[in-house]
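Below is one structure; the comments refer to it alone.
The values are calculated or read from the model by the stated rules, or taken from the named source; none is laboratory data. Note that this is a predicted model, so its numbers are computed, not measured. Cβ sites come from the backbone with ideal geometry, for glycine too, and all protein chains shown count toward neighbours.
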Amino acid sequence: MPDPRLVAVIDIGKTNAKLVLIDTVNAAQVASRSTPNSVVRDGPYPHADLDRLWSFILASLQALHAEHGIEGISITTHGATAALLSGSELALPVLDYEYAGPDALSTQYRAVRPGFAETLSPSLPGGLNLGAQLFWQARSFPDAFAGVNHILPYPQYWAWRLTGVLASEVTSLGCHTDLWAPAQGKFSSLVTSQGLEKLFAPIRPAASIIGTIKAEISAQTGLPPDTPVTSGIHDSNASLLPHLGRQQAPVTILSTGTWTIAMTIGGKTQGLDERRDSLANVDAFGRPVPTARFMGGREFDALVGTYVEPTSAELHAVIAGDIQALPSFAPGVGPFPAATGRWTTNPDRLSPGERSAATALYLALVTQTCFELCGLGEEIIIEGPFARNGLFAAALAQLTGVPVSASADSTGTSLGASMLFGGAKPGSSRGKPIAPLALPLLDAYAATWRERAMAARPVSVAR
């Protein structure tokens, strides 16, 4: 049957969940619905509100199908998340990866987790290493964990809810989980030593149809019963799909949202530093992609909240006045994981435009630091919300000295996920070219920022 043209993408980010309808012929967004991705605080630990998300997904599928028609469903979600099934029910709630509970067993986990050379996965706090989550859940809830017969990565959990088919997929297995050995293309020694391999469903390519929707889903939403559903993909890797196989030279994709994630297609992994939140993601074809990241969206909210476009005078005042934010305002992650964020001045005395200017420059400087870890391609393509921040993009172009373009699509993950039907299809890889921020004092401002940031960076070691 022909590839579907109108694809509904279930896009579950850490902060918001969306259902986006994509016209795959024109690579255009037709419609979307969104809802906050709230965390439930009761129960044994903070966890995803799956019932609320499921209701949102079904209602959105029904509405968008009635308005436009839906011919296929694709799925993309944040990483560091898995569902533990006992039969057709959850054995345990789906843990919120920001919960610090797994840190209580960090010493014991350190003794069994593979080295960085095997997994290219750094040691991260809380549940950001999926292996640490599973280790903690098995020991903290032994009776419930003993009943687990399937571990599903988060995109494949939703695919299972829609189709009843169980699967695993490498982009979610290979995103800082400790569970995957990218060079070997197989599960890591941790999975073997902990007896987990039998719990993972067979691996299916992201760009494959896992099945069609269940009869009851068809009845609830009005979608035809033969509506196909893809296996699903990790969200950062969805952003890569429009670019895989199209670039002749290394190119850096900057995926932005709650996380700002720099990934260099065609880059090398030698510069990765496990102490500074750099790692290798695994792309939809199973290949390692050098990656460095920080919680840019979270830090943006902490620093400025509502962005106000700065005037030229406000921008010059920030640079000439040496007004700087220094890392890190999301502790434990990013290239400065052990540093404590601070301002060089009282931010309450700044105008909204000055504070916004300083925040945009801060984010550009941390992003440039990420490029030093994952390698810088011959061009940078910005995907997601930060593509709309002209000052951020212009500063990045000036600081790096390579061409920068901003994608016109604000949801690069959704567009990429829609391309899973039939594999990654060539699309428009470049957006609007960005002119560098050619201000005489910017280089000196950046040099001072780097000196301060590195001086304040305590030495952090892997757990």
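Residue count for the stretch 132-159 satisfying the condition of being touching a residue at least 60 places away in the same chain (Cβ under 8 Å) and within 22 Å of the chain's Cα centre (by Cα): 10. Considering Gln137, Gln133, Gln108, the condition of being modelled with pLDDT of 95 or more, surrounded by fewer than 20 Cβ atoms within 10 Å (Cβ to Cβ) and not acidic (Asp, Glu) is satisfied by Gln108 alone. Of the residues that sit in the stretch 362-386 and are buried (at least 24 other Cβ atoms within 10 Å of the Cβ) and either outside the structural domain of Val289 (by TED's automatic domain parsing) or more than 21 Å from Val289 (Cα to Cα) (or both), which one is modelled with the lowest pLDDT? My answer is Phe386. Using the structure shown, decide if Thr258 is outside any strand (DSSP E or B) and either touching a Lys or Arg at 6+ places or on another chain (Cβ under 8 Å) or of a type in the set (Asp, Glu) (or both). For Thr258, the condition - outside any strand (DSSP E or B) and either touching a Lys or Arg at 6+ places or on another chain (Cβ under 8 Å) or of a type in the set (Asp, Glu) (or both) - is met. Does Pro310 count as buried (at least 18 other Cβ atoms within 10 Å of the Cβ), in contact with a Phe, Trp or Tyr (Cβ under 7 Å, 6 or more places away or on another chain) and not in a helix (DSSP H, G or I)? Criteria not met by Pro310. Counting only helices (runs of 4 or more DSSP H) that fall entirely inside the stretch 167-253 and contain at least 3 residues that are more than 19 Å from the chain's Cα centre (by Cα) and without any contact (Cβ under 8 Å) to a residue 40 or more places away in the chain, the qualifying elements are 215-221. Remark: Ala339 falls outside the filter, which requires a residue to be touching a Leu at 6+ places or on another chain (Cβ under 6 Å) and crowded, with 17+ Cβ neighbours inside 10 Å.
Residues of the stretch 115-134 that are in contact with a Pro (Cβ under 7 Å, 6 or more places away or on another chain) and part of a helix (DSSP H, G or I): Phe116, Ala132, Gln133. Filter the stretch 7-38 down to the residues that are part of a strand (DSSP E or B) and not hydrophobic (A, V, I, L, M, F, W, C) and list them by number. Of everything in the stretch 7-38, those that are part of a strand (DSSP E or B) and not hydrophobic (A, V, I, L, M, F, W, C) turn out to be Asp11, Asn16, Lys18, Asp23, Gln29, Ser32, Arg33, Ser34, Thr35, Pro36. Give just the number: which of (1) surrounded by fewer than 22 Cβ atoms within 10 Å (Cβ to Cβ); (2) in contact (Cβ under 8 Å) with a residue 24 or more places away in the chain does Gly115 not satisfy? Tallying (1) surrounded by fewer than 22 Cβ atoms within 10 Å (Cβ to Cβ); (2) in contact (Cβ under 8 Å) with a residue 24 or more places away in the chain, Gly115 fails exactly one: (2). Only one entry of Ala394, Ala364 meets the criterion of being free of Cβ contacts under 8 Å to residues at least 40 places away in the same chain and part of a helix (DSSP H, G or I), and that entry is Ala364.
Can you find even one residue in the stretch 93-115 that is closer than 27 Å to Ser414 by Cα and among the β-branched types (Val, Ile, Thr)? Checked against the condition, which is being closer than 27 Å to Ser414 by Cα and among the β-branched types (Val, Ile, Thr), the stretch 93-115 yields at least one hit. Only one entry of Ala357, Ala262 meets the criterion of being in contact with a helix residue (DSSP H, G or I) (Cβ under 9 Å, 6 or more places away or on another chain), farther than 17 Å from His176 by Cα and crowded, with 24+ Cβ neighbours inside 10 Å, and that entry is Ala357.
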